[in-house]
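The values are calculated or read from the model by the stated rules, or taken from the named source; none is laboratory data. What you see is a predicted model; the values in this text were computed from it and never measured. Neighbour counts are summed over all protein chains in view; Cβ atoms, including those assigned to glycine, are modelled from backbone coordinates with ideal geometry. In case anyone asks, the SASA skips ligands and DNA or RNA and just uses the protein heavy atoms, side chains included. Shrake-Rupley method; radii C 1.70, N 1.55, O 1.52, S 1.80 Å.
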Amino acid sequence: VCKLDGVCERETPNIKQSLIASYSTLLAPKVRDACMEITAVTERDSHLIGSHSCQQHTSSCSVDPSTWFYQFRILLQRGLKERKHESFNTLRVFQVITASILAGLMWWHSDYRDIQDRLGLLFFISIFWGVLPSFNAVFAFPQERAIFMKERASGMYTLSSYFMARIIGDLPMELILPTVFLIVTYWMAGLKPDLVAFLLTLVVLLGYVLVSQGLGLALGAVIMDAKQASTIVTVTMLAFVLTGGYYVHKVPACMAWIKYVSTTYYSYKLFVNVQYSQGNKISSLLGCSHHGSNRVSCKFIDQDIAGQISPQLSVGILLLMFVGYRLLAYLALRRIKG
């Protein structure tokens, strides 16, 4: 109820009709003219809108490559600016450097013949760089869900350009710290003093980090809830670690299948193969062809080094995991509607 010039609305029942008449006379023509104006759309904007409408309404339309690369470049620049402080923040750098120094001190100049100790170091590296990248990556898509849905709904970019920018932009962020870690730990621990062996170990480690990151991205994209996804990735990595081949050799039949989908299992076997190959050299060095005093070391040679899965097969499976986890993450993102 309003009052106009001290008169109540109830006493002036025709005020509504007066407002409608005034709007029709004064404002309606201006509003009509504004709605009828045609705004010029730039060629680039029309391509962006066209690509978005193609994605929503038809499956036969294709995106102009120049437009796709433009979107990719802008998203890549934005992602690098946003995540460089997160990836190289003081706490994370401190965490990695501290872990590398502690590992180097614990295994300081370990002896080549101390097989049990060295295998423990190699498995520690597998655990550390399996859990850390996957746990960090699992929050990527859930944290960006709101802005991702808003931008996708407005047709700012295609899903493929966003996803590739995210994947490519993470490479320098994810690979620098593992390299620093290995440089410190490898030479402090006195692992195989050979440049080729170091480079092979580095390649295996970086590939393993990317596979673990892909696992985290896939789980985060599928679940899209940070708390639930972090719980699932923790349980998954725990299962991978337990069946990784170091703690238990005779895995029960009902649990044995986990070993063959475990990223930790294949990376650990590759680390061992780089250091000891098939175990022929260390076996002859310790005299394991004879029954002597080194029965424990010889047992480690038989169970952890000799007769294991071939390096070529391990590399092939890790490559499949690298592609498969990211493909799963991409397909999961396609389910999200803006």
*How about region 152-190: which of its residues are open to solvent by 20 Å² or more (accessible area, probe 1.4 Å) and over 30 Å from T98 (Cβ atoms)?*
R152, A153, S154, M156, S160, M164
*asked:* Would you confirm, using the coordinates I've provided, whether M224 is open to solvent by less than 60 Å² (accessible area, probe 1.4 Å), on the phi > 0 side of the Ramachandran plot and modelled with pLDDT under 90?
replied: yes
*Matching option when the condition is modelled with pLDDT under 90 and surrounded by 14 or more Cβ atoms within 10 Å (Cβ to Cβ), among I125, I115, I97, I147*: I115
*For region 198-220, indicate whether the set of residues that are out of contact with any strand residue (DSSP E or B) (no Cβ under 8 Å at 6 or more places or on another chain), surrounded by fewer than 15 Cβ atoms within 10 Å (Cβ to Cβ) and over 28 Å from D111 (Cβ atoms) is non-empty.*
no
_Looking at the structure I just gave you, is F141 crowded, with 21+ Cβ neighbours inside 10 Å, among the hydrophobic types (A, V, I, L, M, F, W, C) and within 24 Å of H249 (Cα to Cα)?_
no
_Tell me the residue from G190, G120 that is in contact with a His (Cβ under 6 Å, 6 or more places away or on another chain) and either touching a residue at least 12 places away in the same chain (Cβ under 8 Å) or within 25 Å of S87 (Cα to Cα) (or both), please._
G190
_Tell me whether region 164-178 contains one or more residues that are within 20 Å of I147 (Cα to Cα), among the β-branched types (V, I, T) and touching a residue at least 40 places away in the same chain (Cβ under 8 Å)._
yes
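Per-residue answers, yes or no, for (1) more than 17 Å from V131 (Cα to Cα); (2) hydrophobic (A, V, I, L, M, F, W, C); (3) assigned to a helix (DSSP H, G or I); (4) at pLDDT below 90:
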site	(1), (2), (3), (4)
G220	no, no, yes, no
Q228	no, no, yes, no
I232	no, yes, yes, no
M237	no, yes, yes, no
P252	yes, no, no, yes
W257	yes, yes, yes, yes
T264	no, no, yes, no
L270	yes, yes, yes, no
*Does S22 satisfy the condition of being modelled with pLDDT under 70 and small (G, A, S)?*
no
_Per-region count, region 42-94, residues open to solvent by less than 90 Å² (accessible area, probe 1.4 Å) and at pLDDT below 50_ = 13
